[in-house]
1. Looking at the structure I just gave you, is residue 236 crowded, with 21+ Cβ neighbours inside 10 Å, at pLDDT 90 or above and either part of a helix (DSSP H, G or I) or under 18 Å from the mean Cα position of the chain (by Cα) (or both)?
2. State yes or no: is residue 67 at pLDDT below 75, closer than 18 Å to residue 106 by Cβ and touching a helix residue (DSSP H, G or I) at 6+ places or on another chain (Cβ under 7 Å)?
3. One residue is enough: does the stretch 109-123 have a residue meeting the conditions in a loop (DSSP other than H, G, I, E, B), modelled with pLDDT of 85 or more and under 17 Å from residue 240 (Cβ atoms)?
4. What tally of residues in the stretch 119-131 results from selecting those that are over 11 Å from residue 25 (Cβ atoms) and crowded, with 20+ Cβ neighbours inside 10 Å?
5. Can you name every residue in the stretch 70-80 that is in a helix (DSSP H, G or I), under 30 Å from the mean Cα position of the chain (by Cα) and surrounded by fewer than 15 Cβ atoms within 10 Å (Cβ to Cβ)?
6. Consider residue 198 carefully, then state whether it is at negative phi, without any contact (Cβ under 8 Å) to a residue 60 or more places away in the chain and more than 20 Å from the chain's Cα centre (by Cα).
7. How about the stretch 275-293: which of its residues are assigned to a helix (DSSP H, G or I) and closer than 24 Å to residue 90 by Cβ?
8. Is it true that some residue in the stretch 95-106 is touching a helix residue (DSSP H, G or I) at 6+ places or on another chain (Cβ under 7 Å), more than 30 Å from residue 233 (Cβ to Cβ) and either at pLDDT below 85 or not in a helix (DSSP H, G or I) (or both)?
């Protein structure tokens, strides 16, 4: 089995799939870092201009400015109720940081590394996983190598299992390398620091109000491990879904199209989850697991991290069962 897994991993590496995903990641990390730096500079300049000062020396001044800006936006009668609820939660979180004397604006490569994955987990990370493993199965059909593969005296289930293990190995490597790329490249822009800065987690929204009863402070490096751990789970789930689709359609291009359109559709379905309760059972609306760590506003009351993780695990288990049954019964030699 180990030899089979090694062979599948080498296939992915020789096809330069991992290299392509890392180049794409490096490009967007650089782009996002530049954008974040420019945004922070503009906000700081606007704040200094409004207060008539030359330099911001106290983070509390910046947080108070953000709170005033949020109050101004909350007074706007034309924003949607969902947007108003999100702003209210963000405002209460900032106020909590201010009251507890915890700086939520620590600048450094650690903060960027965390924020990059929090923004990437819904769409960008799944697309990278899709690029990485989309032809694990369908590529064998497209390249006409599936018949040669199955002529070996190896049970089909072992062949599929080796591809699954290879997918897990490559997704794990991808997550690990994203951390390294984000930390190194962002350090040139923000400086290498902030890894031991306290990060507040445990916020929850109950009846539209912020609940701080379970709030704790953890070092940022530990928080980053939690963020990327949840990202790994999302990546594995997408990997299994991609393998299942590849077994059915037997074409890499169609596999990418189906999975990509499903991911994009998920962002639209989330907007209707309150009106269509059955949508909450689809895995694509539960990809944003990191929002539970930060206490982000949830569109449906009562959905928790445990619920979302359970949903993803159930969908993953279903895709595994379907994949093995279908691959065992398919007539691939005709």
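1. no
2. The answer is no for residue 67.
3. Looking for residues that are in a loop (DSSP other than H, G, I, E, B), modelled with pLDDT of 85 or more and under 17 Å from residue 240 (Cβ atoms), one finds at least one in the stretch 109-123, hence yes.
4. So the count comes out to 5.
5. 71, 73, 74
6. So residue 198 does not fit the description; no.
7. 280, 285, 286, 290, 291, 292, 293
8. There is at least one residue in the stretch 95-106 that is touching a helix residue (DSSP H, G or I) at 6+ places or on another chain (Cβ under 7 Å), more than 30 Å from residue 233 (Cβ to Cβ) and either at pLDDT below 85 or not in a helix (DSSP H, G or I) (or both).
The values are calculated or read from the model by the stated rules, or taken from the named source; none is laboratory data. Source: prediction; values computed, not measured. Heads up, the Cβs are rebuilt from the backbone with ideal geometry, glycines too, and the neighbour counts pull from every protein chain shown.
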